[in-house]
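Asker: Below is one structure. I have some questions about it.
The values are calculated or read from the model by the stated rules, or taken from the named source; none is laboratory data. This structure is a prediction, so every number in the text was calculated from the model and none was measured. Here the Cβ positions follow ideal geometry from the backbone for every residue, glycine too, while neighbour counts run over all protein chains shown. Protein only, heavy atoms only, side chains kept; ligands, DNA and RNA dropped before computing areas. Shrake-Rupley method; radii C 1.70, N 1.55, O 1.52, S 1.80 Å.
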Amino acid sequence: PGVVLLDEPAAGLDPEARQELSRLFRRLRSEGMTLLVSSHILVELAEYSTDMLVLKAGRVVDQRPIAPSPTAAVSLELILVEPWADIGKHLAVLSGVSDIEVQGTCVHFHFAGDDAARHRLLRTMINDGIAVCGLSAARQEIQASYLASVRSSGKKKG
């Protein structure tokens, strides 16, 4: 089938079976199948989900992608060896970089570019003398996203 609806598919499964189920779901997704999975174990859904739909009292309160598309800007986390006061200004002039937030040795920003462009960005930072400890994609945490959606829906009237 093109679409499969599942309610709590991992309920009662041991860790190995849950891992195998997740592997199966990713394979089916890559083959073009759409899986609609209802579950309260949100961390598990993050292993294979691409989008999130939040329902509350029978109404849609949020719908968003949780896995970035290959062409979308990704949220990156840069870890520095030590804080650098001018890191925000330095990153702001680099191609594809936007929405920079600096917190000590941790810098979050959005980057528009593929893996090769991300490699060039990292090489440029290192060549510019930035003491980089790590650079990784910051995947949105599905449980935090869900809780924020539900909390904000309670504040809306109408």
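Each row is one residue, and each column tells you yes or no for (1) under 18 Å from Ala148 (Cα atoms); (2) open to solvent by 30 Å² or more (accessible area, probe 1.4 Å).
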{"site": "Gln19", "(1), (2)": "no, yes"}
{"site": "Arg23", "(1), (2)": "no, yes"}
{"site": "Met33", "(1), (2)": "no, yes"}
{"site": "Val37", "(1), (2)": "no, yes"}
{"site": "Val43", "(1), (2)": "yes, yes"}
{"site": "Leu55", "(1), (2)": "yes, yes"}
{"site": "Ile66", "(1), (2)": "yes, no"}
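Asker: Additional query: Quick one: is Ile87 more than 21 Å from the chain's Cα centre (by Cα), under 17 Å from Ala138 (Cβ atoms) and aliphatic (A, V, I, L, M)?
Answerer: Details: more than 21 Å from the chain's Cα centre (by Cα): yes; under 17 Å from Ala138 (Cβ atoms): yes; aliphatic (A, V, I, L, M): yes.
Taking the combined requirement at face value, the residue satisfies it.
Asker: When you check Arg64 against the structure, is it part of a helix (DSSP H, G or I) and among the charged types (D, E, K, R), yes or no?
Answerer: On the way: part of a helix (DSSP H, G or I): no; among the charged types (D, E, K, R): yes.
Spelling it out, it is not the case that Arg64 is part of a helix (DSSP H, G or I) and among the charged types (D, E, K, R).
Asker: Separate question: For region 81-91: of the residues being over 15 Å from Arg118 (Cα atoms) and outside any loop (DSSP other than H, G, I, E, B), which is most open to solvent (accessible area, probe 1.4 Å)? Reasoning before the result, please.
Answerer: Narrowing region 81-91 to residues over 15 Å from Arg118 (Cα atoms): 81-90.
This time we only want the ones that are outside any loop (DSSP other than H, G, I, E, B), so: 87-90.
Working: Ile87: 1, Gly88: 21, Lys89: 154, His90: 50 Å².
Looking at residues that are over 15 Å from Arg118 (Cα atoms) and outside any loop (DSSP other than H, G, I, E, B), I get Lys89.
Asker: For Leu78, which of the numbered conditions (1) under 17 Å from Ser136 (Cβ atoms); (2) open to solvent by 50 Å² or more (accessible area, probe 1.4 Å) fails to hold?
Answerer: The number of the failed condition is (2).
Asker: Please go through region 2-60 and give me each residue that is touching a residue at least 60 places away in the same chain (Cβ under 8 Å) and in a loop (DSSP other than H, G, I, E, B), ordered by number.
Answerer: Listed by number, the residues that qualify are Ala46, Ser49.
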